Structure formats: C-alpha cells, structure tokens
Amino acid sequence: MSDTTTQRPEEQVFSSRFNGHTWMQILRYGKMLYPRIGLLCLCMIVMAALESYVPQMTRYAVDTLVPILGKEGIEARIALFLGKFAGLALVQGSLIWFFILVAGSIEVRIVHNLRERGFARLQELSFSYYDRTPAGWIISRMTSDAQKLGDTIAWGIVDLVWGTAIMVSISVYMLVMNWRLGLFALAFMPVLLAATIWFQMRILQNQRKARRANSLLTGMFSEGLQGARTSKTLVLESGNKAEFAEESGRLRGFAVRAARLSALYMPLVILLASSGTALVLGAGGRLVMDGLLSYGELIAFIAYTMMIFDPAREVARVLSEFQAAQASAERLVSLIETEPEIVDLPNARAEGSFSGEIRFDNVSFEYGDGTWIFRDFSLVIPAGQTVALVGETGSGKSTFVNLICRFYEPVSGRILVDGTDYREYTQNWLHRKLGYVLQTPQLFSGTIRENIRYGRLDATDEEIEDAARGANALGFIRELEFGFDTRVGEGGALLSTGQKQLISLARALVCNPALMILDEATSSVDTETEVLVQDAINTVLKGRTSIVIAHRLSTIRNADRILVMEDGEVLEDGSHDELMAARGRYHSLYTRQFLDESLDVSVQTD
Amino acid sequence: MSHTKKMYQITRNHWPPYGRISLLWTVLAGSRLGYFSGIALMALEALITFTGPVIVKLTLDSVIGSVPPSVPAPMDRLAQWLLGAGFSGGGVLPLPAGVVPAAGEWIWRPWFRSHLWVLALAFIGCILLQAVVGFLASYSVNRAAEATAKRMRDRLYGHIQDLPYESLLRADSGDWLQRCTTDVDTTRRFIAAEAPELVRTFFLVAIALPILFSLNARLALIGCAVMPVIILFSFFFHVVVARIFRGVDEREGVLTGIVQETVTGVRVVRSFAREEYETARFAAANDSFRDQVYRLIAWLAFYWGFSSFLGILQIAGVITAALFFMIDGSITIGLLVLFITYEQQILWPVRQFGRILADAGKMSVALGRMAELLALPPEEELEACFIDESWVPDTVEFEHVSFSYPDGTAVLKDISFSMRAGEQLAIVGPTGSGKSTLVHLLIRLYEPDSGRILLGGRDIREIPKRVLRQKVSLVLQESFLYGKTIRNNIADVQEEADEAALVDAARTADFHRVAEGFPHRYETMVGERGVTLSGGQRQRLALTRALARKANLLVLDDSLSAVDTVTDLRIRENLGGRGCIIIAHRLTTLASASRILVMEDGRITDRGTHDELSSRPGLYRRLAELQKALGRSDNV
C-alpha cells in the first residue's frame, strides 16, 4: 500500500523531485494516444517553422522587391508575393484549427481514460480503502486531478514542442543571417529563461496557497449556510463573521502576493526581451551602415527578437506546470494502482444456489492495526434463522457483518456458505444473494421507482409496487404528486428520514435475497412512522436468514436467536426467553436498557 | 394582526436595494482610488507602448536611411500653433526648426550615426518606462480587485448570518453557495483582468488608429480592414459558445454526482452487486462529458484558426499595399515596419475583445445573482440597547398566541399556557402539530400574529432578539456542528473559554467521557477532518454547547432522540431542577416532566402530569399504548 493514498492531497503537492515511475505509468495509460501525439508534435513543428518564416517574407519584400520597385513586371512579382503570403495565412490558419482539434482530442481522451480506470478500480477496491480515504479526496482525484492532468499533458505538449521548435528555428535563422549579431541577440535568452522559471514557480506556489485558502473559505461559506439557523439560536453571528473576515483576509493576502509577482514578471520579461531588440538595433544598425547587413535582414532581426520571448515564456510555464501536475499524476496513479485486498480467486464460481446457511470456522480477524477483533471464532447460522446481534459499540457486531458480506475477509479460518468456503465463489455471486439495509438509508438521486429498482434491475413496475407495499411505503408514495416518479434529490435529501428508511426496505425486498443484513437505525422517527418501519422490518426479515444489528426492542424479541457479543466473542447465545431465564448479561442489558421503557409505561396504563 | 408581506426566498431579477452597477460601485468603496488610478495607468502604458516602435522607425528611416524625420501633419500643425507659424516639423520629437538643414540631410543624422547606442538606450528607456507603469497599473488594479472580492465575500457571509430563520429554512444551499463563491470569482476576475483589458484595448485602438491614419491614411485603411470583421466574429462566436460551456458544466455536474454517490454509497453498491450497473452509468456520463468538451474545443479550434488566418492575411495585405505605395515614394520602409509592429500590437487584444464582451455578460449575470441574495431583507430588531439587570427570564407565559407561516398555513391557534420557574415542561404531539414552531416563537425566530408571549414577566417584543437568544438556549432538532475542535464548538471562539464551566457543561450532557475518549480530547476536530460522531454523540455535544452558554432557560426541541434511554435518563438527572422545556417522543422522558402539554393540529388539547394524562382517553394514552406495543413482544 503506497502511503500517498492516506496523505492529504494538498500536503504532498511539492514532491519537488521528478517522479519517473509516475510519469512512466501515465505514459503507459496513454499508449493508444501515441499516434495522435506524434501527429500533434509534427503539426507544432511545421507551425513553428512557418511562423518563424514570416519575418523572412518581410525581409524578401524589403531586400528584393523594394530595390526594383517601379521596374518592369514588378506588379506580377508583388501579386505573387501576396499570393504566397495569403497561402501562408491559409496554411497557418488551417494548422491552428487542426492542432487544436488534435490536442483537444488528446486532452478529452486522457481525462476520459483516467476516469474510466479510476472508476473501474474504485469498484474493485476493498472497504479498507474506503474506510481510510475520505470521500472528498477520492472525488477530487476523479474530477479535478484527472482534468488537470489531461489539460497539462495535451496543451503542455503543444506549447513545449511549439516553443522549443520556434526558438530553435529563430536561432537558426538569426545565426544564418549573421552569426555574430545572432549570438549577440541570443545573449539574453538564458537570463530570460531562468527568470521565467523562477517567477513561474513562485507564482504557482502563491496561486496554490490562494486556492487552498479559497477552498477553506468555500467550506466556511457552506458551514455558515448550513449552520446559520444553529448560529442564530446560539447568537454566534458576530463571532462567525469575525472568523470569516479573518480567513477571507488571508485569501486576499495570498492572492495579492500572487498578483504582485505576476505584475512584476510580465514587465521584467518584456524588458529583458526588449534589451535584445535594442542590442540588435544598435549593433545591427551599425552593420547596415557598414554594409555588412542588409536592410531587410535588420528588420527580420528586430522582428525575431520581439518574437522569441513569447515561446520562451511558454516553455518555462509548461515546465513548471508539469511540476505542479506531477502531484495530480501521483495521486491518480496511486489510486489506479492500489491493489484491492479482496480479489476473486482465479477459478471462483459465479453460479450456485444458496439456502442461507452460514458457518464461521475458526475465524480470526483484525483490521491491520494489530488489534484482534475475532480469535478462533466459530458459529453456525442455519438457513432461515433470524439472528439479532446485541452488544456495545466495539463488541464486533459491525465486523461480524463486514465479514459475512465479504467486505473484509478472515485473516485466518474460513467462512462457509452452504458448506462451501465463500472464497470459492465470486464476490459478485455473494452480493447478488444478499440484501443490506443500512443504519442511515443511502438513496441515489433519481426517482423513487429507480431507487427501489436498484435492488433488482429487471424488476417490473408491479414488483416494485409490491415491494413498496410490503415495506409500508406505498401509502406515502401515493400521496406524493408524482408518486413513484417523484425525484428524491441528491442522497434522497427531499424525503424525510422515515421515508428514506421505508424506501431502503422496499429496495431490499424487491431484491428478495437469501440472506438479509439489517443495521437498524438508532435515531427515532415520530411514533406513527416508527410503527410503519417496525412492521416493514418484520416483513423484510420473514422467511429468510437474517442478521440484524438490533436496537429496537421488538426486533430483538422477535428474533429466533440472540447473540450477545463482547470483545469479539459470543457471550450468550439463545432465544429471548432462554437468555432471560439464564439471568446473565442479556438479562441485565435488557433490564437496564429496555425494561424501564416498557415497564414504566405498562405500570402506568394497566 | 396580519403578518407583513415579506420576501423569504430569492426572487429572480429582483435587485433592490441594489442595482447591479450600484452593487459593484458599493463594494468598490475603499478601493476606488486605487482601482481607477490603476486603470488610468493602464491607459498610459498603452500610450507608452507606441513609443518604442517610433524609435525603431527613426533609426531605420532617418539614421540608417536618409529620410528626414517628420511628425504627422496634425502634430506639425499643433507645434506651429504653439511655437509660432515659422516652425517647421523637425523630427519625431518636435525639434526646433533650426536643426533641419536646407541641404536635404537633417543636421543630427551624422551624430546619431556615430552614436547609435543612444537610440538603443532610448529604446530600452521606453520599455523600462512601460514596464514600471505596467507593473504599477497591474498591481494596483489587482490589489483593488482582491480587496473588493473580500468585501463582497464578507458582505454576503454577514448577510446570510443575519437573514431571518424562515429564509434560511428555505435556502437552496447549493445555489446560495454558488452565489457566494463562483459568482464572486466571476466578478473579481472581471474587475481584475477583463475590465482593465477592455480599457487597454480601447486605448490601444484609440491611440493607434489616429497615429496610423495620420502617418498614411490609405495604408491605415487597409490595415484596419479586417478589424471590424474580427471583432464581430469573435463577439458572436463567444455568445454562441457560452451555450456549449453551460452544457459542459451540466455534464460535469452529472459526472461528479455519480462519483460522489457511488463513493459515499459504496456499501449499497456492493451489497446489491451493482458495480457493473454503476460502471455503465458512469461510462455513459464520462462519454457524454468527453463529447461535449470536444465539441467546445472544436468550436474554439475553428475560432482560433479563422481569426489567425485573418490576422496573417491582414499583415500580408499591409506589406503588399505598402510595396505599391513605395513605388510612388509615399511611404518608407521604416514606416512599413512601424505599421506591422502596431498591427501586431493591436490585433491580439482585438481578437480577445469578443471574449471579454461575452465575459462581461457573465459578470452581469453573476452580479445580478449576488444582488438577488443581498436583496433578501435581513432580520430586524436584532440588536438594540437593552439594560435591565433585574430581568430574569425563568418563567414563560403564552397568552392567546396564534401564528401562521408566511405562506399562510395556520400553525398555532390560540395557545395559552404558563410555566413556573424551575419547572420541567414537556411537549408532545404528532409531527406537524406545531411543537417546534411554539418554541421558535419563544426566541423570536418568528413573530406571533396575535396574542403575546411573556418571558420573566416582560413582553418579548421589548427585548432585542440577540439578548433574548442569549438568555434562552434552544437546542434544535438537527443541530449543526462546525468543522472545528470540540472545544471551539462548545465555547464561543471569540471569548476566552472558562475550562471549568466547559467541563461542567460536558459532564451534565454526559459528553465529557466521550470527549475524554478521543486522543486529542477536547481538541479533537469534528467532522470530515476529524472524528465522526454518532447521532447520539452529536446531540450530546449540541446540548453541551447550549448548556455552556449559561442561559436562564433551556429548550430542547426533540434534541435527545438519538441518545439511548439510559444516557437520556442520566442527562435528565444531571439537569436536575433546571427550568426547561422539552419536546420529546419518548415516554420515559415525558413521564419525568413536571407537566406535559399535548399538542394536536396547532392546539393544546390536553395538559397535566404523566399519571393524569395516561389515566384519561386521548392522544397521550394512545401514544403510550403504541409505544408499549412496540416494546412488548408477542410471546411474553
């Protein structure tokens, strides 16, 4: 496991050393783009050559056409000259059109490809990855990092090749026309390049700081918005405003610093470049007067010295952008290269029936931090049994469920489904046999119908309606204006908590799984919805193997079997009546946590 | 009394009290001098830009060549007007007439020919001046823009903080966030980069055109031939392309949404074995995004290709025309070089002109969106002078209070009750019965339509809202926790936290042992950048925060629903004889209250102790029996 995945993206931005491995990987991913990239390079070189030829046209006009002005046949030669120039304009215009198309196609394909690989990998990665990587980081890798890398590579190649080619050809033209003056004119180039690189690095650094401050500020805006009602009741407004003003002031500081550098940089570069022009003007003028240089050549020299600073700036900018993009590349490569910890065996079966029987056979497990959650744990759950897991946080209930779902695999020992080690099947096979209802219901944006159909993609509308009925959701769905076609919003935000719970139960029902996992919600909804949810849960659990992390009294009592867990061990195992009779841990848990609720009420009302 | 018709939601194209321009003008306050002197410097820089090429022309034509330097006719006339009719135009600088010898060669030429470096130095001098002015211009404009952006952000943030509860309830946070971030950025970019560029382009053209025309009108006319075409083309192009840009944004939103959902909902995706389904969904969005971006790029390629073609064609035209004009000797080579240089200097900004104009449209939309948000009226009577040391708000009286929501739905109908000091009053009722609204009225998040509310014997309308809310601590149903440390969530950051009071509050809310359980204890960050608290822990932290505020009255709006029964009981014991109003569903909570109000459909339908209420028929007994049924299994 590479450690880059657990670091914050911003913190490792300045891995200033060149990372060969990362770029090699990126090159490998882009293999199918090589022909296009070759074409692009060729295109840029031709363009650079043509562009640096333009001053030669002026030189030709001045040196060759001007002296014979007024002579016989000059009109024809001028017309030819114009024709050539127009042709050049047409070719150059088409080349620009063409190279943008090619570079653009490379950009979108790189981004597309990286996202495709990243997403595919995300579908394979184990839960351990999701447990230690915050969602926001994954999302920014898939969105902004991929985009940035595509931009930098495609347009970086453009500017790098064009810039280098044009600098080379300008230098060649100048040296050929007059090598002494050429060397003279080029004397400022190294200074120009060095200054440019220095400034670009500084500017990027400050922009990055400003961006970070900006995203912090966006976070504060978002908190200020979501927390505004709370702030209002607690009279925190003035404190919030002061805090915000401080942070927005920091952002301004970084931004102004970056702007100052940029403001300083451009004039400086122009000044350096112009010094070349001035040198050529002074020295070249002398040469013309001495007859060592033609008039046209001097004009071409002046044009070249004015032209050369732009490509120099571009090349330096691209180099520093590649430097900055390396961080994005490292993050993406590390995501794509992360090996899933759970993989299907090569000969894993994808088919097979499953009655619902589960057996833990000497299972030991730890999350990789050295703390054993289970040690030599063995247990049999016969098909069709409803098992309630009871215990404190950290007793191993969630791990138990994670292992059954194969979100994690035992470190040693086996888990058998219908007597077969589940590693002999594919993960997909197991998950198709499984229904899972989470503590906090997680819906997807789309309609209610689409969300229920998520349980089984080929479910008919009737089956969806049946499932909704079974989950007691039909009532409220019918009351909605658009019924099953009501959009639930992002993450189901447009529905109430109780409604989301009912829909997630319907989703599990439509899947009709052999094994149902239910993590009961702890937070209560109002009493009447509670009754609906409770009733729906009973429907969902009926007639199949069910494992419930239980919080509700009736769910626990209705279970065929209760496992009282503590520190990764089953402390007590039996039905409600048996465990109550045993007067052990369950009895005390029950009386302490639940009894007061029911007794209190029944005493008063009876 | 009827409620005044107020705006609680953003209305499109509604900008009072600010128009868009006046909003921009207002937020510029404090940076106006810096900004406009920056803009003026930019114009000056544009002017200086034209001096360098003049020196090159002078060198080529009049020093290396032998054409006497001349100034454009209008300048010559100006000089004659100023210096007397006898003045005849001397050189690029209005040299005294005496330096122009009659013999044909102008008098300074030999000196310049042997001192060419003076011209080179003068050229550098021009550029140096341009550099200094350019730096000052760019720096002062950017500084002003950043300061303006800060003022806009602070203003928007502050405005949101001061909005009434109702507006915040209805806020579409994604949209609002965009108004506060992206729209501010669009505006900032415009005033920092695009507006100055617009001014600079204007000056470049405004200076270049007269110079070119006065140097040689015929050549200038040819030199400007494509300019209107390029400007129009670029403007219409950018208007068209804006639509494609929006498409890119939308598709990117879809793509990001899918990634977000599958990452946060990975448990659902996996447990339903929907990896392939999600991959297909993502692939479709990925393709569609790629195609749209490519569509955009294809348009851009056409634009840049075509405008470059026009640009080069323009220069070809100038050179060719110049060659013809040279036949009759009306122009010199130096003048041609000067023309080409000027052409190149103005062609690029002119090509950008259309983009900037299109961006000006975007800024105007962004400004409008900010103005719409700022047009929401803030909450009134937040602060006022209120000094009454003897006022202790520990009793509550509602006298015939009725209330309807701003949209007209009646919520509370003729509510009257009183609460004695130190009493624990519980409120129970089905969702939508008006319990939360009742406590919201208590701290003036809403104002009653009729009737009055007395707190500690005073009508709460006399008490400024902020004072009132400091005295009455309301814990909301879904309290928001900030992404700060636990300590900073509990204590007001601005005040020096009293450690003992903080721990005391945490102990009362049974949160102390939770906090102590974290490695960084009270310095632990809450949320994405730190620990994720369970629902019950969050509620206990929110309660701690409310307790730490030393209010006289505590109001809990179903804010212990996720706390387990035992902890709930412990917290209630810790609270002891504190006066509080508790909205709850849990019977054990209700049973321990000194008095219970039963609410149904906006009215108090019953009141009394737990014993009294459960002994007579009604909603309370039904609720009690429902919960009993839930708690009881069939086989006992």
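FYI, it's all coordinate maths here, none of it is from the lab. Treat the numbers as computed from the prediction; the structure is a model and nothing was measured. Heads up, the Cβs are rebuilt from the backbone with ideal geometry, glycines too, and the neighbour counts pull from every protein chain shown.
Taking Cα atoms only, the orientation of helix A:34-60 departs from the longest principal axis of chain A by about 30 degrees.
Considering only A:V91, A:M24, A:S144, and ranking their Cα positions along the charge dipole of segment A:20-337 that arises from unit charges at the beta-carbon of Lys, Arg, Asp and Glu, the one farthest toward the positive end is A:S144. Positive end of the dipole of the protein assembly as shown (Cβ unit charges, origin at the Cα centre): among B:L541, A:Y129, A:V315, the Cα lying farthest that way belongs to A:V315. Give me the net charge of B:A321's neighbourhood, meaning all other residues with Cβ under 14 Å from the Cβ of B:A321; Lys, Arg count +1, Asp, Glu -1. Taking every other residue near B:A321 into account, the sum is -2. Once Rg and the Kirkwood radius are both taken over the C-alpha atoms of segment A:444-512, their ratio Rg/Rh works out to 0.91. Compactness ratio for segment A:20-337: Cα radius of gyration over 2.2 N^0.38 Å (N = residue count) comes to 1.35.
Taking 7 Å steps out from each Cα toward its Cβ at A:E124 and B:F36 produces label points 6.5 nm apart.
Hey, what D do you get for segment A:190-313 in µm²/s if you plug the Kirkwood alpha-carbon radius into Stokes-Einstein at 20 °C and 1.002 mPa s?
116 µm²/s
With respect to chain B, whose longest principal axis is taken over its alpha-carbon atoms, helix B:499-508 is tilted by about 50°. What percentage of all Cα-Cα pairs in segment B:396-629 are separated by more than 34 Å? In whole percent, the share of Cα-Cα pairs in segment B:396-629 beyond 34 Å is 17. May I ask you to list the lysines whose Cα is less than 16 Å away from that of B:K550, ignoring any residue fewer than eight positions away on the same chain? Candidates past the 8-residue exclusion: B:K471. For chain B, the spread of Cα positions along the three principal axes, ordered from largest to smallest, is 126, 65, 52 Å.
Check the straight Cα-Cα distances from A:K31 and name the aspartates and glutamates below 13 Å, setting aside those fewer than 8 residues away within the same chain. Output for A:K31: empty list, no partners. Relative to its residue count, segment B:404-516 spans a Cα convex hull of 170 Å³ per residue.
Quick one, what does Rg over Rh come out to for segment A:285-354 if you take C-alpha atoms and the Kirkwood Rh? We get a ratio of 1.64 for segment A:285-354.
In terms of Cα atoms, the Rg and Dmax of chain A work out to 35.7, 126 Å. Net charge near A:E314, counting Lys/Arg +1 and Asp/Glu -1 over other residues with Cβ under 11 Å of its Cβ? In short, -1.
Checking the Cα-Cα distances for A:K241/A:K500; A:K397/B:K484; A:K71/B:K57; B:K150/B:K435; A:K148/A:K232 against a 32 Å cut-off, the pairs over it are A:K241/A:K500; B:K150/B:K435; A:K148/A:K232. With the Kirkwood sum run over all distinct C-alpha pairs, segment B:228-347 has a hydrodynamic radius of 18.8 Å. Along its three principal directions, the equivalent ellipsoid of the protein assembly as shown from the Cα gyration tensor extends over semi-axes of 74, 38, 24 Å, largest first. Averaging over all projection directions, the Cα-based convex hull of segment B:507-568 occupies 4.6 nm² in the image plane. Think of it as helices only: each DSSP H run of n ≥ 4 in chain A is worth -39500 (n - 2.57), and spread over all residues that comes to -20000 deg cm²/dmol at 222 nm. Taking N as the residue count of segment A:60-200, its C-alpha radius of gyration divided by 2.2 N^0.38 Å amounts to 1.76. Relative to the longest principal axis of the Cα atoms of chain B, helix B:333-374 runs at roughly 20 degrees. All distinct Cα pairs of segment A:149-204 go into the 1/r average, and the inverse of that average, the Kirkwood radius, is 13.0 Å.
Among beta bridges identified by DSSP and lying wholly in chain B, the antiparallel ones come to about 55 percent.
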